Amino acid sequence: MFNMLRMDLRRLFKSRSFSIILGVTAVLLIMVTVMAYAVADPEMMDAMEAQGAEITESDRMMSEYIHNMSQLDLIHETLGSGFLLVMTGIGMTLFVNGDFSSGFIKNICSARPRRWEYVLSKILLAGVYSGMITVLSVLLMLLSPVLIHMYPAPDSISHILRYVLWMWLPHWAFGLMALALVLLTRNTTLGIVLSLVAGSGLTVALVGMLGKLLRWPPLEQYLLAAVVKGVYTPENGITPIGMVLACTIAWAALYGIGSLLSMEKRDI
């Protein structure tokens with residue numbers, strides 16, 4: 001199993017899809033940072049108004065809000081939207097599907113007949129994949145504002161490290177969703193579609209709307225997109241680990257069992 005994991009890691013670092021995912025993530029995060037800087041700068045707002053742009057009182061309030069953000073406020077405003085869930089899900093979908101589209105999976109299962117080893121190696125790979133994209137995104141959100149002379153109020157290193165851990169766990173579980181869908185369908189379509197739909201929070205909105213109509217308890221709070229969004233709030237800081245850990249374990253177990261069943265029951 002660990003030999004397969006080492007092999008997967010070597011392939012991952014050389015894969016084009018991983019480089020594209022990291023590149024797109026970095027470009028979008030930098031764009032968001034630059035836009036936040038433009039909105040937060042009062043002089044920039046005055047210049048835009050002088051050029052004929054319509055600046056309302058709500059725009060001024062938003063500018064002041066962004067200007068007063070701490071580092072974690074700015075980071076979570078960007079990453080807590082589900083953006084990283086989408087990138088993690090799509091990235092894992094593309095990478096795992098490469099085993100099937102290339103026929104590499106037949107070689108793996110010939111050398112390693114115990115298919116559960118393949119699934120476990122991919123589960124660990126999802127942890128590495130989600131961990132790397134989470135850590136690199138947080139580092140970029142810490143460094144990029146400094147490069148454009150935007151200085152949010154600093155947070156302690158311990159708080160930032162806790163935030164990274166709390167964010168990594170649900171992203172790992174979300175990566176397992178992509179793994180399960182690829183092993184079930186043997187293609188990328190469903191994995192990419194559900195990564196976009198679930199990662200963006202659309203499923204949270206739909207489940208919440210359905211729950212109100214049927215008078216259910218708020219089940220949407222246990223979906224991974226809602227868990228990620230609730231990891232941090234400016235008012236209360238970082239959420240206690242209990243909720244994050246419980247939802248991560250539950251969804252990871254569901255997707256892990258689904259992956260094992262799909263791999264064992266379906267032909268290669």
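The values are calculated or read from the model by the stated rules, or taken from the named source; none is laboratory data. What you see is a predicted model; the values in this text were computed from it and never measured. Please note: Cβ atoms are built from the backbone with ideal geometry, for glycine as well, and neighbour counts cover all protein chains shown. Quick note on the areas: whole protein, heavy atoms, side chains included, nothing else; ligands and nucleic acids left out. Shrake-Rupley method; radii C 1.70, N 1.55, O 1.52, S 1.80 Å.
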**Complete:** The distance between the Cα centres of region 28-71 and region 172-220, in whole Å, is 33 Å
**Message:** Within 10 Å of each candidate Cβ there may be at most 14 other Cβ atoms; applying that plus a DSSP loop requirement, which trypsin sites (Lys or Arg not before Pro) in region 79-163 survive?
**Reply:** Arg114
**Fill in**
Sorted by chain and number, the residues with a modelled amide H under 5 Å from that of Tyr232, at a separation of 5 or more or across chains, are Thr239
**Message:** Could you tell me the relative contact order of the chain? Use alpha-carbon pairs under 8 Å, at least six residues apart, and round to a whole percent.
**Reply:** 27 percent
**Message:** Connecting C-alpha atoms closer than 10 Å in a GNM of the chain, tell me which of Val39, Val96, Val244 has the biggest fluctuation.
**Reply:** Val39
**Asked** Once phi is turned into θ = phi - 60°, what whole-Hz ³J(HN,Hα) does the Karplus curve with 6.51, -1.76 and 1.60 give for every residue of region 148-156, x standing for Gly and Pro?
**Response** 10, 6, 10, 10, x, 4, x, 10, 5
**Message:** At 1.4 Å probe size, what's the solvent-accessible area of Asp59? Round to the nearest 10 Å².
**Reply:** 50 Å²
**Message:** Run the helix sum for the chain: -39,500 (n - 2.57) per DSSP H stretch of 4+ residues, divided by residue count, reported at 222 nm to the nearest 500 deg cm²/dmol.
**Reply:** -26000 deg cm²/dmol
**Item:** Cα-based helix-to-principal-axis angle, 16-40 vs the chain, degrees rounded to 10
**Value:** 20 degrees
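Show me the ranking of peptides 12-25, 219-232 by mean Cβ neighbours inside 10 Å, starting with the highest. Could you put the intermediate results ahead of the total?
Values: 12-25: 14.4, 219-232: 21.0.
Per-residue mean Cβ counts within 10 Å order the peptides as 219-232, 12-25.
How big is the equivalent ellipsoid of region 137-200 along its three axes, where each semi-axis is √(5λ) from the Cα gyration tensor, reported in whole Å from largest to smallest?
Details: eigenvalues 223, 42, 13 Å².
Over the Cα atoms of region 137-200, the ellipsoid semi-axes are 33, 14, 8 Å.
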**Message:** I want to check the label-to-label distance for Cys109 and Val24. Put each point 7 Å from Cα in the C-beta direction and report it in nm to one decimal.
**Reply:** 2.9 nm
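For Thr189 and Met62 in the same chain, what is the full-extension length gain: residue separation times 0.36 nm, less their Cα-Cα distance, in nm?
41.9 nm
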**Item:** Label-to-label distance, nm, for residues given as Thr239 and Val39 (7 Å Cα→Cβ offset)
**Value:** 2.2 nm
